[in-house]
Amino acid sequence: MVSAAKKKRSPARKKKGRKPVRRRRRSRRQSTAGGRYARHIADAGVFCLTVAIGLAVTFAFVASDLPDTGALWRDGGGPKITLLAVDGAPIAVNGASAGTPMRLADVPSYVPDAILAVEDRNFHHHFGVNPVAIGRAALVNLREGQIVQGGSTITQQLAKNIFLTSERTVKRKAQEFLLALWLEHKFSKDEILTLYMNRVYFGAGAYGIDAASYRYFGKSARRLTLGEAAILAGLLKAPSRFAPTVNPGDAGRRGRLVINQMVSAGFISELDASAVVEQPILLSGDRHAASPYFADYVMAEVERLIGRTDADIIVRTTFERHYQDAAETGLAAGLAIAGADLNGAQAALVMIDGSGAVRAMIGGRDYSASQFNRAVQARRQPGSAFKPFVFLAAAETGAGASRRIEDTPLRIGSWRPKNYNDRYYGEVTYREALALSLNSATLRVQEQTGRDTVHEIAKAAGWPSLSSGPAVGLGVDVVSPLRLAGAYAVFANGGFRVAPYAIESIETIDGEVLYKRDIYFEDQIARSSSIDAVNEMMSSVVDWGTGKSAQLPGYRVAGKTGTTQNNRDAWFAGHTDGIITVVWLGRDDNGPMRGVTGGGAPGHIWREVMLRALPPRYVAPLQTQ
């Protein structure tokens, strides 16, 4: 029984004995699976870490020379200074120009719409990069075997234009990608589009929509028509190829494509499109390229007036393109007419109005050869161009144009001044003394009036400094053409002293006024009757005196010639119709110019400039009996 009982219990014991064995086997299998899982996790971790390190290294490589984005709203990392002419047109500096910064609200809505339609229709729906456009462009380029289509968004183009170069490398493209993401994170869509519109290149030296509008159509971007906006938007793909001034046919076809794209995008209706393609596009000449000498002068004045600034600023100047055109073409024409021996001679010219506003400036015959601004920086003897101030001092003491004075050889101490060609006229009127530029008679007027009186009136007119000797009346004290023009302004404005200026105001792009000119006329230095008397004398200079070459049909011209010893300097300074123009010719080495006098080439230049600057006036023919 016992034995049987044992036999009966043995299976149970066997069953109990097997369970631990099975458990041990399952644990071993679980341990093996857990180990494999841990190894997979470890391998995955190592892989991810490797990828992360690789990405970090790649990012570090790509970002190692990323530009500073702190200067986003500026050109070239420094403050952007926009110079505007009187009519609001941007002034070019060395061939390039940037117009007034435009907000989206400043221009018609179809202007940014035209850009979006042809450059980035999905601008408002992507995050700075458009993967679909990139993929589509890649397929097209692969099929064509060359790069014929791009997939860059406006944000990427902005990143490239502001921060990067145009080189086509993987690193540059990766940097463009990173910067585009940064721009989208940092700025709103409207801000990005505004930046793009003001910074993109439209060809012909024009940066920004406003500069392009002036360059091609002669007006502000605020006044663009739909057709003109389409032409400008079409330029962005290839500014040189689609420039309307160079390839009007291609520009027109591109503009129609932009119109069609605007219809497709829903920006305009088909009716609007049909109407605009029927309207002709009128181009305007380049009316905002300026004398670089004037631009240099203004930039120096900006620093003098407000110092250095980190803000982007707009400088409203006194510059007028019409007068600058007249100055440049008149200078060339006058030199050709004069036919004088001017080999190696330089020229300077300044035009101001009666308030002292500088309207035009030429500082040399070739800016690319010499940036020295002779209109502002050169200090030369004016010669007889100083004499009107001697006669103004005399007029203030009561002397009139008909008063008489001796013109005979003169001795003052040990000095014996001579007339031109040693010719003397005996007793002459003050009018004749000035009209014929008689040195002896003029010095007698000075000595009778008193040198102190002459000094006082000349300095009051703005003359910088004067010597105390008797030769002061013959213009031995140096002056720049600009300062001489400022002094002559008293003869054009009734006797009020002015300071020549080229800047009306300076303000930030946010509208903060940093400088505004509020003084135009200073003290009246002479009675109006005295001014009238001297103007009568200076009119005789042009009518029948040494300045006959400056006669201007239909206008009463008051002016004076000036020639220094050995013909080192030749001047003509005069005014009419409220405009004062000063012309100077001379050599930078102060050498003589054979046969060149103030009544020769400078007078011819003055006349040719003013013929182009002023409207023509009818002159009645002489009556014959």
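Points to keep in mind about this one:
- For the stretch 319-370, taking the residues that are in a helix (DSSP H, G or I) and within 23 Å of Val490 (Cβ to Cβ), the one that is least open to solvent (accessible area, probe 1.4 Å) is identified as Ala327.
- Leu474 meets the conditions (1) in contact with a Leu (Cβ under 8 Å, 6 or more places away or on another chain); (2) hydrophobic (A, V, I, L, M, F, W, C); (3) surrounded by fewer than 19 Cβ atoms within 10 Å (Cβ to Cβ) in every case but one. The failed one is (3).
- Here the helices (runs of 4 or more DSSP H) wholly within the stretch 217-317 that include at least 3 residues being under 28 Å from Gly511 (Cβ atoms) and not basic (Lys, Arg) are 226-235, 292-306.
- Only one of the numbered conditions (1) of a type outside the set (Ser, Thr, Tyr); (2) modelled with pLDDT under 95; (3) open to solvent by 10 Å² or more (accessible area, probe 1.4 Å) is not met by Val596, and that is (3).
- Residues of the stretch 552-576 that are exposed (fewer than 15 other Cβ atoms within 10 Å of the Cβ) and either touching a helix residue (DSSP H, G or I) at 6+ places or on another chain (Cβ under 7 Å) or hydroxyl-bearing (Ser, Thr, Tyr) (or both): Arg556 alone.
- Test for Asn373: is it free of Cβ contacts under 8 Å to residues at least 24 places away in the same chain and part of a loop (DSSP other than H, G, I, E, B): no
- Any chance Pro464 is open to solvent by 10 Å² or more (accessible area, probe 1.4 Å) and within 39 Å of the chain's Cα centre (by Cα): yes
- Matching residues, the stretch 380-439, being without any contact (Cβ under 8 Å) to a residue 60 or more places away in the chain, among the polar types (S, T, N, Q) and assigned to a helix (DSSP H, G or I): Asn421, Asn439
- Which numbered condition Pro553 fails, given (1) more than 23 Å from Arg365 (Cβ to Cβ); (2) modelled with pLDDT of 95 or more; (3) of a type outside the set (Asp, Glu): (2)
- With respect to being touching a residue at least 24 places away in the same chain (Cβ under 8 Å) and on the phi > 0 side of the Ramachandran plot, Gly266 falls outside the description.
The values are calculated or read from the model by the stated rules, or taken from the named source; none is laboratory data. Since the model is a prediction, treat every value here as computed from it, not as a measurement. A quick note on method: Cβ atoms are made from the backbone with ideal geometry, for glycine too, and the neighbour counts reach across all protein chains shown. Calculation scope for accessible area: heavy atoms of the full protein, side chains included, ligands and nucleic acids excluded. Shrake-Rupley method; radii C 1.70, N 1.55, O 1.52, S 1.80 Å.
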